[in-house]
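Since every read-out is calculated from the coordinates, none of them should be taken as a lab result. Computed from a predicted model, the values in this text were never measured in an experiment. In this analysis, Cβ positions are derived from the backbone assuming ideal geometry, glycine residues included, and neighbour counts consider all displayed protein chains.
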């Protein structure tokens with residue numbers, strides 16, 4: 001593709017503009033972890049490489065200065081053979097790039113942050129009426145870099161971002177030096193002898209878990225309809241948006257991820273699922289953690305199966321109830337969800 005460098009530059013420019021507008025919405029620890037991996041990606045450093053503190057600090061400072069200079073810019077059209085295309089015209093861009101072996105995607109993440117990426121096409125799969133587009137190396141990306149994303153009936157799985165997401169989680173666990181679900185998950189992989197090979201095996205397993213979650217997202221979307229997406233847009237960048245997203249995530253996992261992991265009898269994947277069962281999902285659904293702890297004690301997953309079934313009914317009912325409310329009532333209901341979670345017993349740490 002003759003103008004590929006110009007295309008990659010345009011996509012990266014849009015990624016930078018998105019980061020300039022939204023990087024301040026991350027908590028400090030999350031921001032620093034993401035910036036460390038962004039620095040590693042940009043400088044093509046191996047995962048085991050110790051990042052140079054002074055150089056990283058200088059890079060952070062220069063990146064923030066760069067963001068300050070472009071925050072007000074409009075997104076750049078993409079230079080393609082058929083002419084300049086709007087960067088959000090994903091289908092039109094894909095029709096030109098996929099036959100040439102490239103993957104492009106544009107959408108919106110949490111807080112309506114625009115998400116762009118450009119990568120190398122690895123393969124295309126069909127599963128249950130959905131197309132799974134798998135990419136390998138990435139030529140342009142923004143700070144969030146979601147490893148998997150559902151758009152319509154297409155699931156984009158970004159293997160490079162999968163590996164970087166997993167490495168972030170491993171580094172975070174190493175800093176905290178805690179036993180628990182993450183230690184159990186990583187014990188299934190030989191990170192001591194061969195970090196790169198172990199990371200790849202972990203990525204193979206967790207890529208499948210991510211696909212299961214996106215399939216669950218699709219099922220949730222069919223049950224909730226377009227009205228749910230309209231609601232999320234209406235509450236974007238408010239305290240209610242993360243709660244709404246957590247409710248749908250829990251519904252998706254109870255519909256697909258958790259029952260399928262149990263059906264496949266994959267302890268390593270199950271341990272990793274609960275190692276990353278955090279944030280609002282953890283606060284809203286401590287019963288899942290209790291069921292996992294019982295599984296650890298007795299070795300049978302009966303309670304996990306029960307929680308998945310009951311969770312499917314509970315979170316579907318919760319989501320539909322939120323949709324039925326006016327904005328003021330919805331805000332009150334979401335606050336009540338958090339209040340109920342705060343007083344409900346059983347939300348302790350996974351042991």
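How do 136, 188 rank when sorted from fewest to most other Cβ atoms within 10 Å of their own Cβ?
136, 188
Fewest first, what order do 241, 214, 313 take by the number of other Cβ atoms within 10 Å?
Sorted ascending by nearby Cβ count, the order is 313, 241, 214.
If one computes the Cα centroid of segment 37-74 and of segment 192-213, what distance in Å separates the two points?
Between the Cα centre of segment 37-74 and that of segment 192-213, the gap is 26 Å.
Helix 4-22 versus the longest principal axis of the chain: what is the Cα-based angle in degrees, 0 to 90, to the nearest 10?
50 degrees
What is the calculated FRET efficiency for residue 222 to residue 70, with r their C-beta to C-beta distance and R₀ = 45 Å, to the nearest 0.05?
0.70
Show that you can apply the helix-only estimate: for the chain, add -39,500 (n - 2.57) for every DSSP H stretch of four or more residues, divide by all residues, and state [θ] at 222 nm to the nearest 500.
-19500 deg cm²/dmol
Could you please state, rounded to a whole Å, how far the C-alpha centre of segment 86-144 is from the C-alpha centre of segment 299-316?
33 Å
Can you sort 49, 213 from fewest to most other Cβ atoms within 10 Å of each residue's own Cβ?
49, 213
In Å, what is the Rg of the alpha-carbon atoms in the chain, and how long is Dmax?
20.6, 62
Angle, helix 28-42 long axis vs. longest principal axis of the chain, Cα atoms, 0 to 90°, nearest 10?
40 degrees
Return the ratio Rg/(2.2 N^0.38 Å) for segment 181-343, where Rg is computed over Cα atoms only.
Working it through for segment 181-343, the quotient is 1.11.
Tell me, what is the percent relative contact order of the chain, built from C-alpha pairs under 8 Å that lie six or more residues apart?
Here the relative contact order equals 13 percent.
Once the mean 1/r over all distinct Cα pairs of segment 1-134 is inverted, what Kirkwood radius in angstroms do you read off?
The Cα-based Kirkwood calculation yields 16.7 Å.
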